[in-house]
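Since the structure comes first, as C-alpha cells, the remarks are kept for the end.
The values are calculated or read from the model by the stated rules, or taken from the named source; none is laboratory data. All figures in this text were calculated on a predicted structure; none of them were measured in a lab. Here the Cβ positions follow ideal geometry from the backbone for every residue, glycine too, while neighbour counts run over all protein chains shown. Remember, those area values only see protein heavy atoms, side chains included, never the ligands or the DNA or RNA. Shrake-Rupley method; radii C 1.70, N 1.55, O 1.52, S 1.80 Å.
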Amino acid sequence: QVQLVESGGGLVQAGGSLRLSCAASGTVEGINDMGWYRQASGKERETIAIVRGDRSSWYATSVKGRFTASRNHVENTVILQMDGLIAEDTAVYYCYANDWRRGYWGQGTQVTVSS
C-alpha cells in the first residue's frame, strides 16, 4: 500500500556528515508518522527520529543535537541530516512510515563511519 525508497548512505570519516533521503509512494494519503530507524550488526533495530502527522518530532538520546529529521508533508518525503558522525552511528538506516493499519519500511541504506 505504501512504498518507501531511500538514498544517501555511504562511508564517511568520524566528524563528517551525511544526508539520507526517503520518498513515499502508493497510498500516501493515509500516512501518519514518518521517520528513521537503524540497526547495527547483531543488535536490535532502534528508533532514531520520528516526525508525527501533527508535525511534532522525537529523537533518540543517542543522536539528539547531531541528527535532524525534516519532513515534507506535501511531497511525502523525509530527510535525515546527520552531522558529527561517530563510529557508533555505523548501521543500516531504514525509512519508516505508518498509517492506521500498519507500518512500512524502506529497503535500508548502509552508513559506515570510520577514522
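Observations on the structure shown:
- Accessible area per residue, Å², segment 1-71 with all protein chains present, probe 1.4 Å: 55 Å²
- Cα shape, segment 67-109, gyration tensor, a/c 1.5 rule: oblate
- Inter-site label distance for Trp105 and Glu29 at 7 Å from Cα along Cβ, in nm: 2.9 nm
- Interchain or long-range residues, amide H under 5 Å from Ile48's placed H: Trp36, Tyr37, Arg38
- Relative contact order of the chain, defined on C-alpha pairs under 8 angstrom at six or more residues apart (%): 37 percent
- Fraction of accessible area attributable to carbon and sulfur, the chain (%, probe 1.4 Å): 47 percent
- Taking the Cα atoms of the chain, the ratio Rg/Rh between the radius of gyration and the Kirkwood radius comes to 0.96.
- Size of charge dipole - the chain - debye, nearest 20, with Cβ of Lys, Arg +1 and Asp, Glu -1, no other charges: 100 debye
- Backbone HN-Hα couplings from phi across segment 68-79 [Karplus 6.51/-1.76/1.60, Hz, Gly and Pro as x]: 9, 9, 10, 10, 9, 6, 8, 7, 6, 10, 9, 10
- Computed 3J(HN,Hα) for segment 17-25, one whole-Hz value per residue from the Karplus formula 6.51 cos²θ - 1.76 cosθ + 1.60 where θ = phi - 60°, is 9, 9, 10, 9, 10, 9, 10, 9, 9, glycine and proline marked x.
- Beta bridges from DSSP with both residues in the chain: antiparallel share about 90 percent, rounded to the nearest 5.
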